[in-house]
1. Give a quick list of GluC sites (Glu not before Pro) in the range 287-351 that DSSP marks as loop, anything other than H, G, I, E or B, with at most 16 other Cβ atoms within 10 Å.
2. Need the full-extension length gain, V388 to D221, defined as separation in residues times 0.36 nm minus the C-alpha distance. One decimal, nm.
3. Sticking to Cα atoms, compute the Rg of the range 313-369 to one decimal and its Dmax as the biggest Cα-Cα distance, whole number, in Å.
4. Run the accessible area of the range 274-343 with a 1.4 Å probe and give the carbon-and-sulfur part as a rounded percent.
5. Quick one: plug the Kirkwood hydrodynamic radius of the chain (C-alpha pairs) into Stokes-Einstein at 37 °C, 0.692 mPa s, and report D in µm²/s.
6. Quick one: Debye curve from the C-alpha atoms of the range 493-561, no solvent, what's log10 I(q)/I(0) at q = 0.18 Å⁻¹?
7. Which residues in the range 460-475 place their backbone N less than 19 Å from a point set 7 Å from the Cα of R604 along the Cα-to-Cβ direction?
8. When DSSP assigns beta bridges and you keep just the ones with both residues in the chain, what percent turn out antiparallel, to the nearest 5?
Amino acid sequence: MCGIVGYIGPRDATPIILNGLKRLEYRGYDSAGVAVLQDGRIEVRRDAGKLQNLADLVNREPINGAPGIGHTRWATHGAPSARNAHPHLGTTGEVVVVHNGIVENYLDIKDELSAEGIEFKSDTDTETIVHLVERHQSTGLDLTEAARKTFQQIQGAHGIVLISAHEPDKMVCARIGNAGGVVIGLGDGENFIASDIPAILEHTRRVIFLESHQMAIITKDKVVVQTLDGKALQPEIHTVSWDPVAAEKGEFRHFMQKEIHEQVRALTDTLAGRIDFENGRIRLPELNLTPELAKRIQKIYITACGTAAYAGMVGKYLIEKIARVPVEVVIGSEFRYSDPIVDENTVVLAISQSGETADTLAAMEEGRRKGAVIWSIVNAIGSQGMRVADGYISMQTGPEIGVASTKAFTAPLVNQYMLAVLLADMRGVIDEKTRKQLVADLRLVPDLASQALNTEPEVEKIAMSLKDIRDCLYLGRGINMPIAYEGALKLKEISYIHAEGYPAGEMKHGPIALIDENMPVICLAPKDPWHEKMISQIQQAKARGGTVVAIATEGDELVNGMADHIIRVPQCPWMLSPIVTVIPLQMLAYHIAALRGLDVDQPRNLAKSVTVE
Ligand code: G6P
């Protein structure tokens, strides 16, 4: 999972690909590779570590030709190494693939292919794609049709590019779900593919963005776009600005919108390198957690500000449920003034996108002064929040530019889930079956986010009907209670509408007095252990004349007829439900603010990182 670049045309693909990958370097990666068609054969060069290692390798063992594809990888399945780096060849050596995403059903496919005698040369899920393509080719299908069949077989969200030595005049690519973009750059007698525009901006400004469940067959003179089931499409050609900042926004109007949509990739990247799906184990080496430390921890304080604090509140449910360690969430600005009870068996876990928020850093300092173990979950690499901690988890989501935080909310949900499983494992409080199930469920995360993004058309309609409201109430229970807080925060931050998040059970102790036809109530009612309780809250809100918007699970009949609007989110294990419930709320806030014509990325009076008390 990370950067993809492809080229077809008269020039040598290798330098074009290496330069393109260089432009995506800031997204982070642990290995890289390139494959080109040279004299009728596919030649591959791959190496672990920085792109310079790959460039040095290509200098020592040059490859020239076209078409070609390249990739920077952040490991999800299998360690970061040359053999696990993309591109991956099949058995015949005649087809090669690069891929962003997780093949959710790869274990089943791998078992099936292995039983047929196919030998896997890497530990990746990606390799299954190229073997499937070869299997379909062996029945007489060409690359396009073999790829099409393969795209229909694999589960999850993906960006994929393939080339074949047998069909040197084409590249075949697909976007399935929202695993980052697939951008096709249109040149003159040459064409390009990239996961992100900056990779190809020096060559062309004319681009096509593939939508989900679309594939393209690209020759040097032509781009044919189809649905995965073969229907021809007339894609829109966009002209992007040369300005790198504007280009970085790509097909989106605002960074916030882009970052909301980037969450499938961000969540895949946050899992990268940390999960051993085969043995059901979590690796978080930078946390420096030892079994000895895991066993002596008696309490965890989570401290953070704003959106990060609400992520921490979800973490409390996860860590207490999975690892059975008491967790208290204290807002960063309060921690040092609350005389917290801290000793060497206490962990202070700070969560921060920027790693520079003054109040969060002060809370870490207070924890340090009192002898606690200091951990952080931070997005900005090299920030203070990362440096001063005894151990950290990097969110690995890439820079977040919109002031209202989105991907830096969902990533720490997954990070805390992983932390909880690792802690539980080391403390010996979890049986093997539960641990393996919890780890296996993580495989669903990118696709769940992708499905949650698919609610956008419905969310936009609701945004249209709510854009002129003055107040709004968000209600949630249990693990989705903090999502009510976060939904309300998003709305007030960027649309300047007064919004309050409330634990739904508290409604009867106050907020119910506010509900009338002028007070919309957003109810988080997914299928989680608090579902039925939420249903009765919806009934109460409705009985007072409020306009009810319910976030409910697909197939849940109970809400039908009760809410004025229903946003349907995918079924999922309840501990992952905040990911699917928060994404529609991020989009709701975004669309309301955009409809009101506001400066979404830089809302008044707010700063991206608040470095003063
Ligand atoms: C500011 C931002 C929020 C963010 C908070 C914490 O208030 O506007 O979006 O949640 O700071 O920032 P951090 O960088 O510590 O996550």
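The values are calculated or read from the model by the stated rules, or taken from the named source; none is laboratory data. It should be emphasised that the depicted structure is a prediction, and the values quoted were computed from it without experimental measurement. Heads up, the Cβs are rebuilt from the backbone with ideal geometry, glycines too, and the neighbour counts pull from every protein chain shown. The accessibility values were calculated without ligands, DNA or RNA, using every heavy atom of the protein model including side chains. Shrake-Rupley method; radii C 1.70, N 1.55, O 1.52, S 1.80 Å.
1. Values: sites: E292, E320, E328, E334, E344; in loops: E344.
Sites meeting the loop and neighbour criteria: E344.
2. Working: separation 167, 0.36 × 167 = 60.12 nm, distance 5.38 nm.
Between V388 and D221, full extension yields 54.7 nm more.
3. For the range 313-369, the Cα radius of gyration and maximum Cα-Cα distance read 11.6, 31 Å.
4. Working: 1530 of 3110 Å².
Within the range 274-343, the accessible surface is 49 percent carbon and sulfur.
5. Working: Rh = 25.0 Å.
Approximately 131 µm²/s, per Stokes-Einstein.
6. Reported log10 I(q)/I(0), two decimals: -0.69.
7. Hits in the range 460-475 for R604 at 19 Å: 467-472.
8. Numbers: 61 of 101 bridges.
If we restrict to bridges inside the chain, about 60 percent are antiparallel.
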